[in-house]
Amino acid sequence: MQVISTILNIAQGALQASQMAMQTISHNIANVNTPGYTRQKAVLEPQSPYTLDRLKFGLGVKVDSVVQFFDAFTTRTIHQNTSTLKEYETKASVLSYVESLWNEMGGSSLGQTLGEFWNAWQGVANNPGGMTERAALLEKSKILTQRFNSLSNELEGIERNMKTNLQMGMEEFNQITKEIANLNERILAAESSPTTANDLRDQRNRLLEELSGWVDISYLEDSNGMVMVQTSEGMLLVNGNRNWDLSFEENSIYRNGVPSDVSEELTGGELGGWLDIRDEIIPQYAANLDELAGTLIQQVNTLHTAGYALSGSTGVSFFQDFLTPPSVPSAADFRGAAAYISLSSDVLGHPENIAAGGVSGEPGDNENALNIAAIQTDGTLTIRKWAIEDRGRSLTSSLETGTLDDYYQSRIGEMGILSEEMNENQDFVQSLLTRLEEVRDSVSGVNLDEELTEMMKAQHAYEAASKIIAVVDEMLQSLMQLR
């Protein structure tokens, strides 16, 4: 009777093991489309045998554990590339918008407007006494100043948008780090018994991937199953059940309210991309746009103040002269020139005050108009090209010699190259990420065909264990009949 009882216990254990295996398979199938889910499997092992008359007899099967098919290396690589991809996507999107502002393929680009400005000066040179040509010059000049103003305002608007993005992004960023810290605590509690909190680990892993989309991170799991998360620059974000919030105030990012800017420790991801755009890319475009506008004001005004209007007056500025102290630190400082460029009050609405003539003062004198029109092709101009790097901490300039058009086209070319580079990098990282996800899914993802095969195996094992119970029942009936 003892042996028969043992056989029944073995069969019962087999039924339970098959049920647990089936439960795990059902869990996999139910989560086949769940983002971040890692395939699980019930691991079966024999029960410890017992000894009878120097013979060891097995006691059946048990479920030892439920394991995950987790590819740690590929997953970590995916997190790293997710950060890189989000950074490139952020920059590519903004650069595409900036290119649209310049609208070089359209009919209202700054380059075309600048060309029309020089043509209008040539028109005045062809008929220096003509009021129609003078009025046309003022109209084209006004359009040119408005184009400069508009571009400057748009670039300033992008900087403001980056600040808004950073402020809003901080809230979601902090929520993710808080949830990771909370999951650390739950995993510690769940794994205090000899088991693994597979589903909680999946949730935490998904949050780590989300966090890597915000900023480049590194993380390390300790012996208790909790992860420590820090930025790639070493700033601690999560440790155990504690997280450190980030806040955006004025132009600085503070950690846990400590008034010390930690922006430089945030690289990669959307946050890093926004910071690079705010502190490097847009300020550099704005500085070079100011340089173009300031040089234009300086060159035209220098000649215009030396020329003579129809009335014979001289010393009149064509553009509003804000370049002399105390308006700016020095006459060579063109900061804000694109935002403030405008026609002077002496010529605005007064075409007769355009100084087209030279020293002769004759009505048909076009010497000064020709000189100003010649600025367009003057290849001896030296114009500063600004480079802003290291989040604005490195500000350098170099002199370029050429025409204003050359300078402008060079900046447009650089803008196009940078935009194309971001798009190519984005495409490359996206394709790499796709391949990495395929590798991860081949290990960790749920394959329905495989699960159905495992289901059939569990079903047959269950049926076989049931058959054992039926046979043992017949044996018991036989024994009872003998009595």
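The values are calculated or read from the model by the stated rules, or taken from the named source; none is laboratory data. Keep in mind that what you see is a predicted model, and the values were worked out from it rather than measured. In this analysis, Cβ positions are derived from the backbone assuming ideal geometry, glycine residues included, and neighbour counts consider all displayed protein chains.
Side notes on the structure shown:
- Note on segment 35-64: residues that are at negative phi and touching a residue at least 24 places away in the same chain (Cβ under 8 Å) amount to 16.
- Check on Ile375, in contact with a Ser or Thr (Cβ under 9 Å, 6 or more places away or on another chain) and under 21 Å from Ile282 (Cα atoms): no
- A single member of Val215, Val262, Val229, Val258 is of a type in the set (A, V, I, L, M, F, W, C) and more than 30 Å from Pro283 (Cα to Cα), and it is Val229.
- The residues of segment 158-202 that are among the β-branched types (Val, Ile, Thr) and crowded, with 16+ Cβ neighbours inside 10 Å, listed by number, are Ile158, Ile176, Thr177, Ile180, Ile187, Thr196.
- Test for Glu400: is it surrounded by 12 or more Cβ atoms within 10 Å (Cβ to Cβ), within 23 Å of the chain's Cα centre (by Cα) and not assigned by TED's automatic domain parsing to the domain that holds His27: no
- Search result, residues across segment 420-451 that are of a type in the set (A, V, I, L, M, F, W, C), within 15 Å of Gln68 (Cβ to Cβ) and part of a helix (DSSP H, G or I): Val443
- Of the candidates Asp405, Asp449, Asp427, Asp441, the single residue that is surrounded by 12 or more Cβ atoms within 10 Å (Cβ to Cβ), over 30 Å from Ser96 (Cα atoms) and not basic (Lys, Arg) is Asp441.
- Enumeration of residues in segment 87-123 that are part of a loop (DSSP other than H, G, I, E, B) and hydrophobic (A, V, I, L, M, F, W, C): Met105
- Leu151 vs. criteria surrounded by 15 or more Cβ atoms within 10 Å (Cβ to Cβ), touching a helix residue (DSSP H, G or I) at 6+ places or on another chain (Cβ under 8 Å) and assigned by TED's automatic domain parsing to the domain that holds Arg335: yes
- Test set (1) modelled with pLDDT under 95; (2) under 25 Å from Ile143 (Cα atoms) - Leu289 fails condition number: (1)
- Number of positions in segment 367-395 that are in contact with a strand residue (DSSP E or B) (Cβ under 9 Å, 6 or more places away or on another chain) and not in a strand (DSSP E or B): 6
- Residue match in segment 212-219 (condition: outside any loop (DSSP other than H, G, I, E, B), under 30 Å from Tyr340 (Cα atoms) and either modelled with pLDDT of 95 or more or among the polar types (S, T, N, Q) (or both)): no
- A search for C-beta distances below 9 Å between a residue of segment 187-214 that is basic (Lys, Arg) and any residue that is part of a loop (DSSP other than H, G, I, E, B), counting only pairs 6+ apart in sequence or on different chains, returns Arg201/Thr38; Arg201/Phe70; Arg201/Gly225; Arg206/Pro35; Arg206/Gly36; Arg206/Tyr37.
- Odd one out for Leu275 among (1) within 24 Å of Ala72 (Cβ to Cβ); (2) modelled with pLDDT of 95 or more: (1)
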